[in-house]
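See below for the structure under consideration.
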Amino acid sequence: MIATYANLIIQGILLGGLYAIFALGLSLSVGVMRFVNIAHGDFIVLVSFLLLTVATALHINVLLALLLVIPLTFAGGYLLQRVLLQRVIGQSVLLPLLVTFGLSIIVQNGLLEGFGADTHTLSAGSLDTSSLHIGSFYVGVLPVATFVLAVALVLGFDWLLYRSRIGANIRAVADDVAAADLIGLSSVRIYAIAMGIVGVTVAIAACFMGLRMNFDATSGPSRLLVAFEVVVLGGLGSLRGTLLGGIILGIAQTLGGQIDGAWQVLAGHLVFLVIFLLRPQGLLPRY
Amino acid sequence: MTSPTDAPLLSIEGLSVYYQQFRALHGIDIAVGPGEIVSIIGANGAGKSSLLKAIVAQVDRIEGRIRFAGEDIASRPTPAIVASGIALVPEGRRLFPSLTVEENLEIGRQIGRKGGGVGFAEIFDLFPVLRDKRRQPAGQLSGGQQQMVALGRALLTDPRLLLCDEISLGLAPTVVNDLYTLLLSINRRGIGVLLVEQDIRRSLAIASRFYCLLEGRISLAGRPGDFDRDTITRHYFGS
Ligand SMILES: Nc1ncnc2c1ncn2[C@@H]1O[C@H](COP(=O)(O)OP(=O)(O)OP(=O)(O)O)[C@@H](O)[C@H]1O
Ligand SMILES: [Mg+2]
């Protein structure tokens, strides 16, 4: 009995790693750039399809395809910010919401048009099914690898944001856009780089989501919901909080799934609501 | 009225500044010679900040010419202007409050002239209090200390021309005295200073020339010693 629950909690923690990866990009754009990207989930799904296409066309492992796609998503994020989102941020809170909502619909319909409504998964060869035997537990290599990656990403991005020069620039612009422009630190350029970094996280999320779960053209909004709950649970602007939020949501879902299939998602939402009511500022808030 | 040195560091001709339909400056001429301290005085809303912001390309629209070190900079973007050697200490300091003192200063070095000769050590020698506070968020410093960071950030760009917008505002008289002493020592290194102040007495005491702005126009210009107090006050308030 205890072993069963211990096992579930371990599975939940590992799932939480994946959720944290989903949420990382959203955490950056909400916490640092102060705007909510409604299309975040759809961008993840879009890049999953891109990875599928690249891996199939070039006959390469999807992890290799990921390395090829990361520069593309950096450039994609950079250009999206520079060409489109830059025009709408800062004027009102509503405008970026509407524009990214529009993008979400465009991406979903574009994917339906291009790939149909079938569900897909990504495959990384033998990594998909291999498992580790630790003590009395069996855990999949892929979930463990995902979790380790999530921790590494959180630490890496935390370092980038709080220890590197570009991170200081991003925080400066988040502090006071007008002051940055006034002294000659171009906020347009910094925002674009930040969105390029978000693009990198989207590619990584797309790859590991596709390896763990089914996706189809309309999976985006449910991914966004997970990412959003994780960010709010963890606290805006805190990347470590994002990891913690992911873990809590992952555990809630696996334990809920034990009761009943329908409870899996519901338990996640309930835990989110309860924690949100008790600690609206999130668990490890930065602001 | 005396003309500045033969080849001015900064020369502005016929500068007008517009915010949409509103015209804040009406075709003014201003020059700053190399290593000169020039003071701009004027009442609230006279257009002093608009002048400094126009120099660094941070206003909606301008007309007229702005030449710096012989080059036309009127059409350049702000980062290029700063990188060519003009640094602004903005009105109200405008530090990044959540960044540490050191991070604020580092941004100055990053946006400035490349291969510049000014280092952190020099800034900390000028402002010894900042050395102990360098890991503290800038927002936690006192007003005077924040003004030192703002000045330090500008100096780290290794400027040839420093634009100071009301650096004494809201500071205790002793702190202002220290800042002005510092400005003089900065100036002695050959850095030109364009000093905007509402406090006439203090800024005229260290300037070699001044311009008085009234409702977007120059109402009086020359050497501080050329005019008596009454004349200057009259042109300041426009009565
Ligand atoms: N961003 C802006 N949009 C519209 N009008 C502006 C803007 N900034 C300044 N103005 C107007 O331009 C005029 C000059 O303003 P400016 O800030 O240059 O004055 P100032 O001399 O610096 O005043 P103060 O001593 O109060 O700082 C004022 O009438 C002001 O209302
Ligand atoms: Mg002003």
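The values are calculated or read from the model by the stated rules, or taken from the named source; none is laboratory data. Note that this is a predicted model, so its numbers are computed, not measured. We place every Cβ from the backbone using ideal geometry, glycine too, and count neighbours over all the protein chains shown.
A few points about this structure:
- Residue check, A:LEU236 part of a loop (DSSP other than H, G, I, E, B) and either small (Gly, Ala, Ser) or surrounded by fewer than 20 Cβ atoms within 10 Å (Cβ to Cβ) (or both): yes
- Residue among A:GLY156, A:GLY184 that is out of contact with any strand residue (DSSP E or B) (no Cβ under 7 Å at 6 or more places or on another chain) and at positive phi: A:GLY184
- Taking (1) farther than 29 Å from B:ALA138 by Cα; (2) in contact with a Gly (Cβ under 9 Å, 6 or more places away or on another chain) in turn, B:ILE30 satisfies each apart from (2).
- The residues of segment B:137-179 that are polar (S, T, N, Q) and either under 21 Å from A:LEU185 (Cβ atoms) or within 16 Å of ligand 1 (Cβ to nearest atom) (or both), listed by number, are B:GLN146, B:GLN147, B:THR157, B:SER168.
- Restricting segment B:46-69 to residues that are more than 14 Å from the chain's Cα centre (by Cα) and near ligand 1 (Cβ under 8 Å from one of its atoms) leaves a set whose member that is modelled with the lowest pLDDT is B:ASP60.
- Among the residues of segment B:68-91, the ones that are of a type outside the set (A, V, I, L, M), within 20 Å of B:LYS48 (Cβ to Cβ) and at the interface with chain A (Cβ under 9 Å from one of its Cβ atoms) come to 2 in all.
- Test set (1) out of contact with any helix residue (DSSP H, G or I) (no Cβ under 8 Å at 6 or more places or on another chain); (2) within 30 Å of B:SER239 (Cβ to Cβ) - B:VAL59 fails condition number: (1)
- Inter-residue pairs, beta-carbon under 8 Å, first at the interface with chain B (Cβ under 10 Å from one of its Cβ atoms) and farther than 20 Å from B:THR78 by Cβ and in segment A:156-179, second surrounded by fewer than 21 Cβ atoms within 10 Å (Cβ to Cβ) and of a type in the set (A, V, I, L, M), 6+ apart: A:GLY167/A:LEU160
- Of the residues examined, A:VAL69 is not one that is buried (at least 23 other Cβ atoms within 10 Å of the Cβ), touching a Ser or Thr at 6+ places or on another chain (Cβ under 7 Å) and part of a helix (DSSP H, G or I).
- The C-beta contact set for segment B:34-55 (first residue touching a residue at least 12 places away in the same chain (Cβ under 8 Å), second residue in a helix (DSSP H, G or I) and near ligand 2 (Cβ under 10 Å from one of its atoms), distance under 9 angstrom, 6+ apart or interchain) comprises B:ILE40/B:LYS48; B:ILE40/B:LEU51; B:ILE40/B:LEU52; B:ILE41/B:LYS48; B:GLY42/B:LYS48.
- Residues of segment A:147-188 that turn out to be over 30 Å from A:LEU132 (Cα atoms) and buried (at least 16 other Cβ atoms within 10 Å of the Cβ), as a count: 22
- Just one of the numbered conditions (1) touching a residue at least 24 places away in the same chain (Cβ under 8 Å); (2) assigned to a helix (DSSP H, G or I); (3) in contact with a helix residue (DSSP H, G or I) (Cβ under 7 Å, 6 or more places away or on another chain); (4) within 14 Å of chain A (Cβ to nearest Cβ) is not true of B:GLN110: (1).
- Every pair of residues 6+ apart whose Cβ atoms lie under 7 Å, when the first sits in segment B:90-106 and is within 16 Å of ligand 1 (Cβ to nearest atom) while the second is assigned to a loop (DSSP other than H, G, I, E, B): B:GLU91/B:GLU166; B:ARG94/A:ASP176
- The condition of being of a type in the set (A, V, I, L, M, F, W, C) and either within 13 Å of ligand 1 (Cβ to nearest atom) or on the phi > 0 side of the Ramachandran plot (or both) holds for only one of B:ALA43, B:ALA7, B:ALA83, B:ALA31, that being B:ALA43.
- The listed residues are B:ARG201, B:ARG189, and the only one of them that is within 30 Å of B:ALA80 (Cβ to Cβ), free of Cβ contacts under 8 Å to residues at least 24 places away in the same chain and not small (Gly, Ala, Ser) turns out to be B:ARG189.
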